[in-house]
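Peer 1: The structure that follows is given in the form of C-alpha coordinates.
The values are calculated or read from the model by the stated rules, or taken from the named source; none is laboratory data. Keep in mind that this is a model prediction, so the values were computed, not measured. All Cβ positions, glycine included, derive from the backbone under ideal geometry; neighbour counts span all protein chains shown. Note: areas computed on protein heavy atoms with side chains; ligands, DNA, RNA excluded. Shrake-Rupley method; radii C 1.70, N 1.55, O 1.52, S 1.80 Å.
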Amino acid sequence: MTFEFERSEWSRSAESNKDFISKQAIALKEAKETRYWLKLLVKSEIMPEVKIVSLLDECEQLIRIIAKSIVTSKEKS
(Lines give C-alpha, C1' and ligand atoms only; values in the text may rest on other atoms or scores of the structure.)
Protein backbone atom coordinates (compact mmCIF):
# COMPACT_ATOMS: atom_id res chain seq x y z
CA MET A 1 0.00 0.00 0.00
CA THR A 2 3.03 2.26 0.13
CA PHE A 3 2.69 3.00 -3.57
CA GLU A 4 -0.85 4.34 -3.09
CA PHE A 5 0.39 6.49 -0.20
CA GLU A 6 3.10 7.91 -2.44
CA ARG A 7 0.50 8.59 -5.13
CA SER A 8 -1.64 10.37 -2.54
CA GLU A 9 1.32 12.48 -1.44
CA TRP A 10 2.02 13.24 -5.08
CA SER A 11 -1.58 14.41 -5.61
CA ARG A 12 -1.21 16.96 -2.81
CA SER A 13 1.30 18.80 -4.97
CA ALA A 14 -1.42 19.49 -7.54
CA GLU A 15 -1.51 22.97 -8.99
CA SER A 16 -5.29 23.09 -9.48
CA ASN A 17 -8.43 21.18 -8.54
CA LYS A 18 -8.48 19.63 -12.03
CA ASP A 19 -4.85 18.53 -11.59
CA PHE A 20 -5.69 17.12 -8.13
CA ILE A 21 -8.59 15.09 -9.57
CA SER A 22 -6.35 13.79 -12.32
CA LYS A 23 -3.68 12.69 -9.85
CA GLN A 24 -6.28 11.08 -7.59
CA ALA A 25 -7.69 9.20 -10.60
CA ILE A 26 -4.22 7.77 -11.22
CA ALA A 27 -3.99 6.72 -7.56
CA LEU A 28 -7.42 5.06 -7.84
CA LYS A 29 -6.34 3.16 -10.94
CA GLU A 30 -3.17 1.97 -9.17
CA ALA A 31 -5.15 0.87 -6.10
CA LYS A 32 -7.54 -1.11 -8.30
CA GLU A 33 -4.59 -2.73 -10.07
CA THR A 34 -3.11 -3.66 -6.69
CA ARG A 35 -6.44 -5.26 -5.74
CA TYR A 36 -6.37 -7.26 -8.99
CA TRP A 37 -2.87 -8.60 -8.34
CA LEU A 38 -3.69 -9.49 -4.74
CA LYS A 39 -6.74 -11.45 -5.88
CA LEU A 40 -4.66 -13.13 -8.57
CA LEU A 41 -2.15 -14.27 -5.95
CA VAL A 42 -4.97 -16.05 -4.12
CA LYS A 43 -6.68 -17.41 -7.22
CA SER A 44 -3.44 -18.82 -8.60
CA GLU A 45 -2.71 -20.33 -5.18
CA ILE A 46 0.62 -18.55 -4.91
CA MET A 47 -0.42 -17.13 -1.54
CA PRO A 48 -3.08 -18.44 0.83
CA GLU A 49 -6.09 -16.17 1.22
CA VAL A 50 -5.45 -15.95 4.96
CA LYS A 51 -2.25 -13.99 4.31
CA ILE A 52 -3.88 -11.64 1.79
CA VAL A 53 -7.20 -10.83 3.49
CA SER A 54 -5.92 -7.87 5.51
CA LEU A 55 -4.13 -6.42 2.48
CA LEU A 56 -7.25 -6.77 0.36
CA ASP A 57 -9.30 -5.09 3.06
CA GLU A 58 -6.86 -2.19 3.27
CA CYS A 59 -6.82 -1.92 -0.50
CA GLU A 60 -10.64 -1.79 -0.62
CA GLN A 61 -10.62 0.94 2.02
CA LEU A 62 -8.11 2.97 0.02
CA ILE A 63 -10.20 2.56 -3.13
CA ARG A 64 -13.29 3.88 -1.33
CA ILE A 65 -11.38 6.80 0.21
CA ILE A 66 -9.77 7.86 -3.05
CA ALA A 67 -13.02 7.46 -5.00
CA LYS A 68 -14.89 9.61 -2.44
CA SER A 69 -12.12 12.20 -2.61
CA ILE A 70 -12.57 12.41 -6.38
CA VAL A 71 -16.36 12.80 -6.06
CA THR A 72 -15.97 15.51 -3.40
CA SER A 73 -13.38 17.37 -5.48
CA LYS A 74 -15.62 17.26 -8.54
CA GLU A 75 -18.53 18.63 -6.51
CA LYS A 76 -16.37 21.57 -5.36
CA SER A 77 -15.33 22.51 -8.88
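Peer 1: Could you work out how far apart the two model spin labels at Trp37 and Val71 are, taking each label as a point 7 Å from the Cα in the direction of the beta carbon, and quote it in nm?
Peer 2: So the label points at Trp37 and Val71 sit 2.8 nm apart.
Peer 1: Obtain the nm distance between the two label points defined at Met47 and Ile26 by a simple spin-label model: each point lies 7 Å from its Cα along the Cα-to-C-beta direction.
Peer 2: Result: 2.5 nm between the two label points.
Peer 1: Can you put Glu15, Glu33 in order of accessible area, largest first, using a 1.4 Å probe? Walk me through the numbers on the way to the answer.
Peer 2: Details: Glu15 170, Glu33 85 Å².
Descending order: Glu15, Glu33.
Peer 1: Now a separate question. Please enumerate, by chain and number, the lysines with C-alpha under 19 Å from the C-alpha of Lys74, excluding those fewer than 8 residues away in the same chain.
Peer 2: Counting by Cα, and skipping residues close in sequence, Lys74 has these lysines nearby: Lys18, Lys23, Lys29.
Peer 1: Which sequence of Ile65, Ile21, Ile26 reflects their accessible areas, 1.4 Å probe, from the largest down? Don't skip to the answer; put the middle values down first.
Peer 2: Values: Ile65 110, Ile21 25, Ile26 60 Å².
The ordering from most to least exposed comes out as Ile65, Ile26, Ile21.
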